[in-house]
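Q: The structure that follows is given in the form of structure tokens.
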Amino acid sequence: MTTPRLHEPDNLVLQARDVHFDWSAVPLHWIPGDPVATHLVNVLHLLLPAGEEWFVRVFTEALPLVRDERLREDVLGFIGQEAVHASSHDGVLDHFAAQGLDVRPFVRQVEFMFESLLGDRGVTGERGRAWLYERISLIAAIEHFTGVLGDWILNAEALDRAGADPTMLDLLRWHGAEEVEHRHVAHDLYMHLDGRYVPRVRAMGETVTMLLALWQRGHRYLMWADPQVGGRVKGGLHHFRRTGPAGLTPSGRLLLPSIRRYLRRDYSPLGEGSTEQALAYLASSPAAQAALR
């Protein structure tokens, strides 16, 4: 079963775009004068490389079970896009290190979670399929948030007004546009292979708990390790109370209603964001257009 393509391009083929970014002129605090907001967004760079490499491994494992040809094409396109996302954010981590912000100790903890706690347990048969379906349900819940965040970053005009670095904005908006473009794939795959409502709800609860914990710890780590801040400001989720309403980060008013939408039995990822807007950005993104050339 695939998500009905209401008001969606019928001939859309998901493709990986071989983008590259020059980080040499990007400042550590790429939202000028606001390290707190900068690092609230930078937590993404700590989580995404390991997380998206895990997506690729799980979806590659699931691919032989896909019986719908259109969904199979979408899963292959998803795998290609997520692989490029992981490598692109990994380049940001190298840039952080060059500026004296060593994030690898925290990243190694994230890698352990995805590779060991959520990795292949070596089980086969019914137990193996159950573990595969559980991980796909988690990815579908995570992809709900990446789609919501992708729609947010495409419309985050406050970042432009704040003078955010254009290279970092292009990375985030290119990535966000592709998340909107493929936002239906993980949900479609889960519904195709399993589709039960209760595990889908449970996966959302586990995902919210995991993301809140990782964002809290990640932001605290960044504020502590930032050589220009020197631990003078303690990080944490409470900072969203300022940055969210200011439009510099997502807000609770954006995320909480999106969770309620996900919990509806008739939830469709295509209700989040606009493929037309995503494709329009990809047609103007400096990095995406350079990849085409």
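Q: How large is the convex hull of the C-alpha atoms of the chain per residue, in Å³? It would help to have the intermediate numbers written out before the result.
A: On the way: hull volume 36.5 nm³, N = 293.
Looking at the chain, the number lands at 124 Å³ per residue.
Q: What does the convex hull of the Cα atoms of segment 1-114 come to per residue, in Å³, rounded to a whole number?
A: Working: hull volume 16.5 nm³, N = 114.
Dividing the Cα hull volume of segment 1-114 by its residues yields 145 Å³.
Q: Averaging over every viewing direction, what projected area does the convex hull of the Cα atoms of segment 25-180 cover, in nm²? Kindly include the intermediate steps, with their values, before the conclusion.
A: Details: hull surface 39.5 nm².
It is 9.9 nm².
Q: Contour minus end-to-end for ARG253 and ASP120, with contour as 0.36 nm per residue of separation and end-to-end as the Cα-Cα distance? Intermediate values should be presented prior to the final figure.
A: Details: separation 133, 0.36 × 133 = 47.88 nm, distance 3.61 nm.
Difference between extended and current length: 44.3 nm.
Q: Follow-up. Would you mind checking the tilt of helix 69-98 against the longest principal axis of the Cα atoms of the chain, expressed as 0 to 90 degrees and rounded to 10?
A: So the helix axis and the longest Cα principal axis differ by about 20 degrees.
Q: What 222 nm value per residue comes from the helices of the chain, counting each DSSP H run with n ≥ 4 as -39,500 (n - 2.57) and dividing by all residues, nearest 500 deg cm²/dmol? Present the calculation step by step, with values, prior to reporting the outcome.
A: On the way: 12 runs with 186 residues, N = 293.
Value at 222 nm, helices only: -21000 deg cm²/dmol.
Q: Ordered by residue, what ³J(HN,Hα) values in Hz, to whole numbers, does segment 183-194 give under the Karplus form 6.51 cos²θ - 1.76 cosθ + 1.60, where θ = phi - 60° and Gly and Pro are x?
A: Once θ is set to phi - 60°, the couplings for segment 183-194 become 5, 8, 5, 5, 5, 4, 5, 4, 5, 5, 8, 9 Hz.
Q: Fewest Cβ neighbours within 10 Å first, please rank THR60, THR38 accordingly.
A: Working: THR60 12, THR38 25.
Ascending Cβ contact count within 10 Å gives the list THR60, THR38.
Q: Report, in degrees rounded to the nearest 10, the 0 to 90 angle that the Cα long axis of helix 125-154 makes with the longest principal axis of the chain.
A: With both axes taken from Cα atoms, the answer is about 50 degrees.
Q: Can you order the peptides 134-141, 231-238 by their average number of other Cβ atoms within 10 Å per residue, highest first? The partial results should precede the final answer.
A: Numbers: 134-141: 24.0, 231-238: 14.0.
Answer by packing, highest mean first, reads 134-141, 231-238.
Q: Which length gain, in nm to one decimal place, applies between ASP18 and ARG67 when the Cα-Cα distance is subtracted from 0.36 nm times their residue separation?
A: Numbers: separation 49, 0.36 × 49 = 17.64 nm, distance 2.87 nm.
Length gained, ASP18 through ARG67: 14.8 nm.
Q: Charges only on Cβ, +1 for Lys and Arg, -1 for Asp and Glu: so what's the dipole of segment 35-292 about the Cα centre, in debye to the nearest 20? List each step's numbers first, then the result.
A: Details: 27 positive and 32 negative charges, 249 e Å.
Computed charge dipole of segment 35-292: roughly 1200 debye.
Q: Taking R0 as 41 Å, what FRET efficiency do you get between SER274 and ASP94 from their Cβ-Cβ distance, rounded to the nearest 0.05?
A: Working: r = 33 Å, r/R0 = 0.80.
With a Förster radius of 41 Å, E is 0.80.
Q: Build a GNM of the chain with springs between Cα atoms under 10 Å: which of HIS20, HIS89, HIS175 gets the top mean-square fluctuation?
A: Evaluated over the chain, the most mobile residue of the options is HIS20.
Q: Where does helix 35-62 land angle-wise versus the long Cα axis of the chain, in degrees 0 to 90, nearest 10?
A: 20
Q: Oh, and also: With a 10 Å Cβ neighbour count serving as the proxy for reagent exposure, in which order, fewest first, do TRP23, TRP174 appear? Mind dumping the intermediate values first?
A: Numbers: TRP23 17, TRP174 27.
The fewest-first ordering by Cβ neighbours comes to TRP23, TRP174.
Each value in this text was obtained by applying a stated rule to the coordinates, not by laboratory testing. These numbers come from a predicted model, not from an experiment. Cβ: placed from backbone, ideal geometry, glycine included. Neighbour counts: every protein chain shown.
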